[in-house]
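Data block below; observations after.
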Amino acid sequence: MHSRALFIVPINAVVNWMFGHRCEVVHGSWDAYFRNAQASSSKETGEKHLSALLQGRGMSQSPAMSEKVVEDHLAVHTLTRAYQAHGHHVARLDPLGILTADLDSFVPSDLITSIDKLGSYGLEESDLDKSFQLPLTTFIGGNESTLPLREIIHRLETSYCGHTGVEFMFINNMEQCQWIRQKFETPGSMTFSDREKRTLLARLVRSTRCDFLARKWSSEKHFGLEGCEVLIPALKMIIDKSSEAGIESVIMGMPHRGRLNVLANVVRKDLDQIFCQFDPKLEAADEGSGDVKYHLGMYHKQINRETDKNITLSLMANPSHLEAVYPVVQGKTKAEQFYRGDTEGRRVMSILNFDAAFAGQGVVYETFHLSELPSYTTHGTIHVVVNNQIEFTTDPRMARSSPYSTDVTRVVNAPIFHVNADDPEAVMYVCKVAAEWRNSFNKDVVIDLVCYRRFGHNEMDEPMFTQPLMYKQIRKQEHLLKKYADKLISEGVVTLQELEVCVSLYENLITVCCFPDFFKPDGEPKSMSCPPTGLNKEVLRHIGEVASSIPLKDFAIHSGLSCILRGRADMVVKHTMDWALAEYMAFGSLLKDSIHVRLSGQDVERGTFSHRHHVLHDQEVDKRFCVPMNHMWPNQGLYTVHNSSLSEYGVLGFELGFAMANPNALVCWEAQFGNFHNTAQCIIDQFISAGQAKWVRHNGIVLLLPNGMEGMGSEHSSARPERFLQMSKFDPDRYPMEFTGDCEVQQLYECNWIVANCSTPANYFHVLRRQILLPFRKPLIIFTAKSLLRLPEARSSFNEMITGTKFLRIIPDDCPASKNPEKVKRVIFCTGKVYYELAKERKLLKLEEDVAIVRLEQVANYSCLPRFLIVHPKDPICVCFFIGTDLERFSITSLAHQWILCSAIRKSVQTANKNNSSPSVNVL
């Protein structure tokens with residue numbers, strides 16, 4: 001049934017209104033509407049053919065004729081809404097003229113694409129010159145309240161079916177919908193001054209003439225913007241309008257296509273630094289070994305020339321997994337807002353610029369779902385999709401099921417502005433509106449730049465193999481700069497001579513960090529030593545008392561939680577602690593030193609295993625909660641703990657970005673179960689493992705991965721330590737000749753990350769504190785305990801954490817075997833929880849004097865191992881790890897062979913050779 005059926009009841013009511021019943025039958029809103037309509041009709045003059053309703057003749061007509069008049073007007077209202085909702089389906093968005101606006105070439109039946117379509121509204125061709133009252137939900141009339149039907153259709157087509165298509169009618173907020181209607185429907189809104197047009201032309205010149213890279217180094221890939229040169233003016237327009245609204249810092253993420261152009265013309269990276277990455281004869285000033293030039297990032301402070309205000313632009317480095325940087329950018333943006341006290345996103349914002357792969361990456365959906373969560377929102381992001389209508393060699397119809405690549409963004413009610421990239425003024429207007437939307441509503445907005453790719457996937461690629469028809473059309477396509485320059489010359493805005501001067505100036509130009517106190521100017525740490533991580537007993541006692549109490553009055557907690565707090569208080573009196581209290585001690589002591597501590601992940605407030613309870617909830621008052629750790633010290637650092645959405649990929653990327661913003665913060669992400677990190681493997685591989693080698697970016701993020709088979713099935717068991725060990729940077733042929741005071745710290749500095757599997761709460765406490773006290777930042781991977789959380793044997797004394805103590809990379813045996821090493825028959829190296837099982841079995845078999853058990857707490861880079869081997873030069877050596885699968889057995893044991901055989905034993909075997917014997921090695 002046609003949508004006009006929705007108006008049957010009001011129409012009947014209006015007929016009653018006409019014949020004198022009025023308020024007795026008609027709803028008050030309709031009564032007021034038709035009173036105004038009748039009053040306005042008496043003011044109409046001229047030769048317009050007014051409808052019977054506006055002429056006020058309804059009272060003298062029959063009920064049938066009067067109902068037809070009302071139906072005609074309501075049909076016009078419905079027609080207006082049809083264009084607002086569906087006009088984008090027939091907008092002229094493709095610069096090549098090959099594809100229609102959407103993927104399935106859908107033409108809505110309620111749009112007037114031909115005269116006969118008027119019949120679906122009960123209108124006729126003769127009605128085209130009749131004037132109708134405009135509804136309150138449109139602005140196409142400007143200062144006029146009535147327009148002829150022909151003009152109504154023309155203005156709606158201009159607003160919604162030209163080079164701009166707007167999707168917004170799914171938004172369930174009337175104020176926001178009206179705001180968008182006003183921006184796109186008001187006559188004359190999309191006009192620019194001559195000055196603005198000249199600025200746009202100058203920016204197009206810079207964007208287009210950056211093809212100098214292709215002309216100078218024709219055999220090098222640079223992933224140019226050819227086909228979407230308007231991106232540079234678009235980004236600069238967004239930044240200009242945002243700066244005008246008070247934005248001081250913009251964090252951007254983007255793929256490889258156009259990155260060098262953006263670095264040069266938006267972020268303003270020195271051109272000589274870009275050129276040196278192409279020419280081997282030029283020396284690069286920046287470091288980094290592992291990534292291509294079109295993945296690198298940049299951070300730059302500058303003065304915005306349009307607003308004369310300071311602004312900081314940061315373009316994040318990005319791997320080939322394009323959308324992987326999406327949550328990273330959002331995390332860094334959130335961190336900058338946090339440290340600036342920007343609670344509404346008025347000073348810091350993010351711009352995410354990606355291609356049509358936007359539709360294929362699940363992390364985009366995950367990140368969008370973080371956008372409205374209180375602990376993760378960045379108060380609105382502007383998303384720019386460079387939609388060149390092809391993904392490498394894949395046609396859109398084979399790459400997605402939805403009509404548009406941007407359809408995923410509808411889930412958060414973000415308006416979507418589709419625009420033809422060959423109409424630069426339309427693009428500028430859309431970008432201006434997007435920036436104003438973000439400033440007005442602090443919500444996400446999406447710009448879909450429909451463009452094309454003039455060359456193949458890269459400059460060396462031949463696209464005619466797979467898209468012959470498209471590229472035949474592209475070869476005929478006139479360059480955007482020439483088209484727009486010709487337009488402005490014909491309008492008299494610029495002259496040909498002025499254009500040539502602008503181009504020559506830029507070509508002549510071509511030819512001819514946030515926390516500086518942490519690192520030295522060359523990026524190296526200021527020292528290579530780490531102070532002890534122990535604390536005064538009084539500090540430990542105070543933290544323990546806070547951890548076992550409720551700082552707020554009249555706060556009703558759960559009876560089970562009362563028991564947990566009493567247990568903590570009892571441990572503090574006895575000067576012992578379990579894992580949860582050790583973590584509390586580490587976090588609380590860092591807060592005392594004004595270090596910000598952030599913990600995020602699924603169920604981290606309570607803890608997956610109900611051990612943490614960092615957020616207390618009032619059992620009688622809804623939404624009343626307490627974070628005791630924020631009530632420890634005056635002027636302490638802030639502790640933020642947040643349960644995340646059920647996402648690993650997106651949330652880990654977000655926390656990684658957050659950690660990038662401040663080296664003086666402890667940022668931790670905890671997996672609900674250790675092997676849940678497998679869905680975030682891309683972030684681990686691309687950013688955490690190799691980030692420093694590729695992009696010279698230090699990051700101290702901490703990954704807490706519960707590890708161990710405790711009867712919960714294979715999906716809740718192993719955190720896959722072999723994956724992290726396989727990706728660890730380790731050279732078995734490089735070995736320190738002397739164990740100086742800085743040897744251990746130097747070794748940590750040379751690795752790509754730190755991998756630990758602690759067996760005691762004290763060591764867990766020390767490794768967390770060491771993460772901040774180190775003079776550099778490395779990612780820390782901790783395989784955390786599960787069964788040990790409540791194991792009585794797995795507790796530590798305050799004496800293991802007092803002043804002067806530190807993290808123990810290797811814990812020697814403290815049983816009788818260590819006192820009489822000459823009686824030892826076997827040495828077992830192990831890590832983590834398996835130590836307690838081995839010790840229990842050893843005790844049952846009464847082998848305390850025959851078997852020594854050594855714990856490897858840091859399971860990579862344990863160079864001090866030979867010191868323990870020298871003590872037992874003749875004894876057989878066993879390596880015992882907790883193993884879940886054959887693959888894990890192979891990975892861990894092969895690494896154990898490499899490290900122990902190649903590094904440790906080879907260096908210590910000299911001692912054994914003096915006695916004409918050599919140690920043997922077995923793997924359990």
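Quick look at the numbers
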{"read-out": "Computed lengthening from Ser375 to Glu462, 0.36 nm per intervening residue step minus Cα-Cα distance", "value": "26.7 nm"}
{"read-out": "Solvent-accessible area per residue, Å², over region 537-800 with all protein chains present [probe radius 1.4 Å]", "value": "37 Å²"}
{"read-out": "Residue order for Arg257, Arg453 - accessible surface, 1.4 angstrom probe, largest first", "value": "Arg257, Arg453"}
{"read-out": "Interchain or long-range residues, amide H under 5 Å from Ile557's placed H", "value": "Gln619"}
{"read-out": "Pairwise FRET efficiency - Ala693 versus Leu136, Cβ, R0 = 60 Å, nearest 0.05", "value": "0.50"}
{"read-out": "3J(HN,Hα) from dihedral phi, region 618-633, Karplus parametrisation 6.51/-1.76/1.60, rounded to Hz, x for glycine, proline", "value": "5, 6, 10, 10, 5, 6, 9, 9, 9, 10, x, 5, 8, 10, 8, 9"}
{"read-out": "Heavy-atom surface of region 314-419, accessible at 1.4 Å and reported per residue (Å²)", "value": "30 Å²"}
{"read-out": "Three-way shape call for region 537-800 based on the alpha-carbon gyration tensor, with the a/c threshold at 1.5", "value": "prolate"}
{"read-out": "FRET efficiency, 1/(1 + (r/R0)^6) with R0 22 Å, evaluated for Lys574 and Asp814 via beta carbons", "value": "0.65"}
{"read-out": "Extension reserve of the Asn536-Lys843 stretch, reckoned as 0.36 nm per residue once the Cα distance is removed", "value": "107.0 nm"}
{"read-out": "Solvent accessible area, Å² - Glu498, 1.4 Å probe, full protein context", "value": "100 Å²"}
{"read-out": "Stretch gain in nm, segment Ala399-Arg340, where the contour uses 0.36 nm per residue and the Cα spacing is subtracted", "value": "17.1 nm"}
{"read-out": "Accessible area of region 537-800 belonging to carbon and sulfur atoms, whole % at 1.4 Å probe", "value": "51 percent"}
{"read-out": "For region 334-349, Karplus couplings with θ = phi - 60° (6.51, -1.76, 1.60), whole Hz, Gly/Pro x", "value": "4, 5, 5, 4, 4, 6, 8, x, 8, 7, 10, x, 8, 10, 10, 9"}
{"read-out": "In nm, spacing of pseudo-spin labels at Lys823 and Phe106 (7 Å Cα→C-beta vector)", "value": "8.2 nm"}
{"read-out": "Per residue accessible area of region 145-197, 1.4 Å probe, in Å²", "value": "44 Å²"}
{"read-out": "Estimated inter-spin distance, Glu196 and Lys623, nm [label 7 Å along Cα→Cβ]", "value": "4.1 nm"}
{"read-out": "Förster radius 45 Å - calculated FRET efficiency between Ser529 and Ser440 (Cβ-Cβ, nearest 0.05)", "value": "0.30"}
{"read-out": "Burial ranking of peptide ranges 756-769, 195-208, 795-808 (average Cβ count within 10 Å, highest at the top)", "value": "756-769, 195-208, 795-808"}
{"read-out": "Peptides 743-751, 780-788 ordered by average Cβ neighbours within 10 Å, highest first", "value": "780-788, 743-751"}
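The values are calculated or read from the model by the stated rules, or taken from the named source; none is laboratory data. Predicted model, so just to flag it, every value in this text is computed and none were measured. When we count neighbours, we look across all protein chains shown, and the Cβ atoms used for this are built from the backbone with ideal geometry, even at glycine. Please note that ligands, DNA and RNA were not included when accessible areas were found on the heavy atoms of the full protein model with its side chains. Shrake-Rupley method; radii C 1.70, N 1.55, O 1.52, S 1.80 Å.
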